[in-house]
Amino acid sequence: MTARNTRRRHRHFLSLSLTAAMAVLGLMLGSCSVLAPEQPTVSSADPTVVGDVPEDLADFYTQAVTWTSCSGGFQCAEVEVPMDYEKPSKESIKLAVTRLKASGKRQGAMLVNPGGPGGSGVDMVQDAAQAYFSEKLRDAYDVVGFDPRGVQRSAPVKCLDAAQMDAARQQTFDPSTDAGMASLEGEAKRQSELCKDNSGPSLPFVDTVSAARDMDILRAVVGDPKLNYMGFSYGTKLGATYAGLFPERVGKFSLDGAMDPSLDIDQVSMGQAVGFEKALRAWAADCLAGSDCPVSGTVDQAMAQIRDLNDVYTATPQQTPEGRVVTGTEFGGALAFGMYSTDLWAPLTGALKQAFAGDASGMLMLADFSADRDSDGQYNSNTAAAFTAINCLDYPMNSDIAHMREQAKLLKEAAPTFGDLLAYSGLSCKFWPYEATGKPAAISAAGAGPILVVGTTGDPATPYAWSEALAKQLDSGVLVTWEGEGHTAYGRSNACLTSVVDDYFVDGKVPAEGTRC
């Protein structure tokens with residue numbers, strides 16, 4: 001896996017900590033330049049394709065869509081969906097969609113979502129379709145990526161410009177003190193107001209349920225009576241939500257690196273904090289077993305050395321030769337980014353070696369890469385903004401200061417290295433201009449066909465226990481396990497896992513419960 005593709009797929013923090021979200025999240029921007037128009041593809045009005053839909057949504061399901069040639073052999077289109085499903089005849093928004101057409105005997109289309117929330121499916125397909133999806137899968141399916149509402153090209157959430165983003169990432173707060181909490185609350189309020197001012201009227205409607213309903217319109221537009229879907233990380237929540245809404249329209253589904261939709265945000269933060277702590281221990285064990293490792297002694301001693309260095313960055317942000325600084329939050333974010341794939345372990349080792357020698361450049365490079373900042377100072381996606389907007393609608397937040405401080409204490413005890421990074425989740429939504437519309441709940445999707453739930457035993461961002469939980473919640477869930485390290489499995493694991501998923505999608509072979517690779 002290349003570093004570019006690692007950033008595309010494997011950086012999906014679910015914590016809502018304002019500073020952590022700004023420091024860690026983002027996906028790369030891919031182009032969808034129009035080269036030449038083609039004939040419109042008209043969605044069929046055949047009830048076997050469209051399905052039984054409300055009359056006020058019929059025009060969306062049967063709309064004519066023009067696919068145009070995009071660079072690299074892809075096709076691009078815009079699909080219109082209601083801005084507010086409660087009032088579909090009012091305003092609408094357009095979703096950016098791309099596809100790589102099947103190269104062999106076509107069985108249908110397969111929608112993909114890389115995670116986030118805030119990840120761009122357009123970018124994922126255009127930048128990584130050949131790298132992640134096997135030839136067998138690409139022969140049989142059009143691989144279709146879309147930017148969910150609020151993301152990148154689809155009525156994007158807009159909050160900070162590049163200079164403001166840089167400034168926000170350079171700030172440091174100590175919310176354990178009253179003065180630090182007041183400063184952080186002020187920053188959260190400022191950023192929330194900027195999001196409202198800059199995003200437009202669609203901001204209250206970028207929730208996951210609305211995005212899942214959009215996917216059913218996309219299903220009809222690509223001409224499939226049932227939706228075939230592969231979702232990663234947050235994309236599993238999006239897919240499970242769809243399955244809960246439209247179980248009878250579930251085709252082939254793979255939910256990889258699963259979220260447990262029944263967890264509240266405090267439980268999510270705790271699960272991730274512990275997951276990243278375990279992942280860093282795995283990195284440390286691997287590093288210590290090799291040569292030229294920047295830490296020494298036992299794994300426990302190595303972890304303590306890293307925490308001590310992080311404390312230095314927290315107390316005194318370290319300046320790089322170019323004049324920028326790395327805060328403790330960005331140091332922790334760079335560490336966390338290195339846990340998303342074993343391909344990132346070597347770059348992290350090199351960056352830590354520099355950091356222990358007094359040079360913060362390597363950690364800043366990882367932090368910038370994670371935040372999707374180019375060397376020219378531009379941010380190539382709106383992932384951080386979309387992440388906050390979507391989660392503020394999806395999760396009710398407890399922003400009581402006493403509660404957040406107690407939660408921060410528990411996180412620190414459970415995960416001494418990463419607990420601080422995942423604390424104070426409620427602050428990012430405390431001043432959000434719109435109330436949450438979602439709430440944690442188990443999803444059974446009764447009546448759906450078999451749904452694969454793929455879990456990675458060493459997944460830091462979506463711990464394996466979450467995949468186990470979702471597979472049990474879904475009436476037709478089938479758990480498939482990859483025994484490995486890093487976030488998600490398909491496209492980065494092994495031939496066994498690839499074959500299991502491919503055989504399910506292409507040959508209709510449902511794996512045995514408990515299959516392990």
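The values are calculated or read from the model by the stated rules, or taken from the named source; none is laboratory data. Small disclaimer: the values here were computed from a predicted structure and weren't measured. Here Cβ is always computed from backbone atoms with ideal geometry, including for glycine, and neighbour counts include all displayed protein chains. Please note that ligands, DNA and RNA were not included when accessible areas were found on the heavy atoms of the full protein model with its side chains. Shrake-Rupley method; radii C 1.70, N 1.55, O 1.52, S 1.80 Å.
With the checklist (1) under 26 Å from Val125 (Cβ atoms); (2) buried (at least 22 other Cβ atoms within 10 Å of the Cβ) in hand, flag the one item Pro175 doesn't pass.
The one condition Pro175 does not meet is (1).
Only one of (1) within 26 Å of Thr456 (Cα to Cα); (2) open to solvent by less than 40 Å² (accessible area, probe 1.4 Å); (3) in contact with a Phe, Trp or Tyr (Cβ under 7 Å, 6 or more places away or on another chain) fails for Leu309. Which number is that?
Condition not satisfied by Leu309: (1).
Please name all residue pairs, on different chains or six or more residues apart, with Cβ atoms under 8 Å, provided the first residue is in the range 432-453 and is farther than 12 Å from Val250 by Cβ and the second residue is among the polar types (S, T, N, Q) and assigned to a loop (DSSP other than H, G, I, E, B).
These pairs meet every condition: Pro440/Ser262; Ala441/Ser262; Ala442/Ser262.
Restricting attention to the range 318-375, report how many residues are among the small types (Gly, Ala, Ser) and part of a helix (DSSP H, G or I).
Adding up the residues that qualify gives 14.
Can you name the number of the only condition in (1) small (Gly, Ala, Ser); (2) in contact with a Phe, Trp or Tyr (Cβ under 8 Å, 6 or more places away or on another chain); (3) open to solvent by 10 Å² or more (accessible area, probe 1.4 Å) that Ala220 fails?
Going through (1) small (Gly, Ala, Ser); (2) in contact with a Phe, Trp or Tyr (Cβ under 8 Å, 6 or more places away or on another chain); (3) open to solvent by 10 Å² or more (accessible area, probe 1.4 Å) one by one, Ala220 breaks only (3).
Which residue, of Arg373, Arg405, is touching a residue at least 60 places away in the same chain (Cβ under 8 Å) and open to solvent by 40 Å² or more (accessible area, probe 1.4 Å)?
Just a single option satisfies the conditions, and that option is Arg405.
Look at the range 329-366 and say how many of its residues are more than 26 Å from Arg492 (Cβ to Cβ) and open to solvent by less than 10 Å² (accessible area, probe 1.4 Å).
Result for the range 329-366: 2.
Quick check: anything in the range 176-186 of a type outside the set (Phe, Trp, Tyr) and not in a helix (DSSP H, G or I)?
For the range 176-186, residues of a type outside the set (Phe, Trp, Tyr) and not in a helix (DSSP H, G or I): present.
Return the total of residues in the range 498-517 being open to solvent by 60 Å² or more (accessible area, probe 1.4 Å) and among the hydrophobic types (A, V, I, L, M, F, W, C).
Number of matching residues: 2.
Any idea which of (1) more than 23 Å from Ser493 (Cα to Cα); (2) open to solvent by less than 50 Å² (accessible area, probe 1.4 Å); (3) touching a Ser or Thr at 6+ places or on another chain (Cβ under 7 Å) is the one Ser154 doesn't satisfy?
Here Ser154 meets the rest and fails (3).
Of all residues in the range 452-483, which are open to solvent by less than 10 Å² (accessible area, probe 1.4 Å) and over 14 Å from Met259 (Cα atoms)?
Val480, Thr481
Would you confirm whether or not the range 183-203 contains a residue that is acidic (Asp, Glu) and farther than 20 Å from Tyr424 by Cα?
Checking the range 183-203: at least one residue is acidic (Asp, Glu) and farther than 20 Å from Tyr424 by Cα.
Which one is surrounded by the fewest Cβ atoms within 10 Å (Cβ to Cβ), of the residues in the range 194-217 that are in a loop (DSSP other than H, G, I, E, B) and within 22 Å of the chain's Cα centre (by Cα)?
So, considering only residues that are in a loop (DSSP other than H, G, I, E, B) and within 22 Å of the chain's Cα centre (by Cα), the one surrounded by the fewest Cβ atoms within 10 Å (Cβ to Cβ) is Ser202.
Since Cys287 meets every condition but one in (1) in contact with a Cys (Cβ under 6 Å, 6 or more places away or on another chain); (2) assigned to a loop (DSSP other than H, G, I, E, B); (3) surrounded by 21 or more Cβ atoms within 10 Å (Cβ to Cβ), which condition does it not meet?
If we test Cys287 against (1) in contact with a Cys (Cβ under 6 Å, 6 or more places away or on another chain); (2) assigned to a loop (DSSP other than H, G, I, E, B); (3) surrounded by 21 or more Cβ atoms within 10 Å (Cβ to Cβ), just (2) comes out false.
Given the options Ala385, Ala448, Ala389, name the one that is over 19 Å from Thr236 (Cα atoms) and open to solvent by less than 30 Å² (accessible area, probe 1.4 Å).
Ala385
Check every one of the strands (runs of 3 or more DSSP E) wholly within the range 41-145 and list those with 3 or more residues that are at pLDDT 95 or above, over 21 Å from Ala220 (Cα atoms) and not aliphatic (A, V, I, L, M).
Counting at least 3 such residues, we get no strands (runs of 3 or more DSSP E) at all.
Right, Gly486: touching a Phe, Trp or Tyr at 6+ places or on another chain (Cβ under 8 Å), crowded, with 16+ Cβ neighbours inside 10 Å and within 26 Å of Lys226 (Cα to Cα) or not?
So Gly486 does not fit the description; no.
Collect the residues in the range 428-468 that are of a type in the set (Ser, Thr, Tyr), in contact with a Gly (Cβ under 8 Å, 6 or more places away or on another chain) and in a helix (DSSP H, G or I), keeping them in residue-number order.
Within the range 428-468, Tyr464, Ser467 meet the criteria.
Output the qualifying pairs, or none if there are none: Cβ atoms under 6 angstrom, residues six or more apart or on different chains, first residue in the range 484-500 and in contact (Cβ under 8 Å) with a residue 40 or more places away in the chain, second residue among the hydrophobic types (A, V, I, L, M, F, W, C) and part of a helix (DSSP H, G or I).
Within 6 Å, the pairs are Glu485/Ala282; Ala489/Leu497; Tyr490/Val501.
Quick one: how many residues across the range 392-418 are under 20 Å from the mean Cα position of the chain (by Cα) and over 20 Å from Asp207 (Cβ atoms)?
Summing the residues that are under 20 Å from the mean Cα position of the chain (by Cα) and over 20 Å from Asp207 (Cβ atoms) in the range 392-418 gives 1.
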